[in-house]
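Notes for the one structure printed next.
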Amino acid sequence: MKKTIICLVGSALIAGSGIALAAETSAQDAKPLFEQKCSMCHSIEKPKSMKKTGSEWEATVMRMKNGHGAQLTDAEAKLIIEYLSKNYGS
């Protein structure tokens with residue numbers, strides 16, 4: 001039982017440090033992630049020419065992910081939504 005608890009605590013600490021590292025690098029990685037992932041299906045100029053609220057960007061990105069097959073993890077989608085909202089928000 002002790003080994004299981006120690007293993008779970010160790011795993012949680014390792015996972016937690018990965019999350020913190022991802023959060024630190026997320027802002028700088030959002031633009032290239034957006035450009036790479038979104039340009040696979042359409043010109044980057046298309047979303048850059050739009051102004052939407054955060055909720056509208058979320059709906060758009062999730063529609064691309066869930067309805068059109070954009071290859072995004074949930075974490076990547078969140079970063080892209082935050083990037084678009086900040087830079088192309090209305």
### Query
What is the distance, in nm, between label points placed 7 Å from the Cα along the Cα-to-Cβ direction at His68 and at Ser49?
1.4
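Per-residue counts of other Cβ atoms within 10 Å, averaged by peptide: what ranking do you get for 58-65, 43-50, 29-36, 79-86, highest first? Don't skip to the end; give the middle numbers.
On the way: 58-65: 17.1, 43-50: 12.1, 29-36: 15.2, 79-86: 20.5.
Taking the mean over residues of other Cβ atoms within 10 Å, the ranking is 79-86, 58-65, 29-36, 43-50.
Read-outs throughout are calculated quantities, based only on the coordinates presented, and are distinct from any laboratory measurement. Computed from a prediction, not measured in an experiment: that's the story for all the values here. FYI the Cβ positions are ideal-geometry reconstructions off the backbone, even for glycines, and counts take in every protein chain you see.
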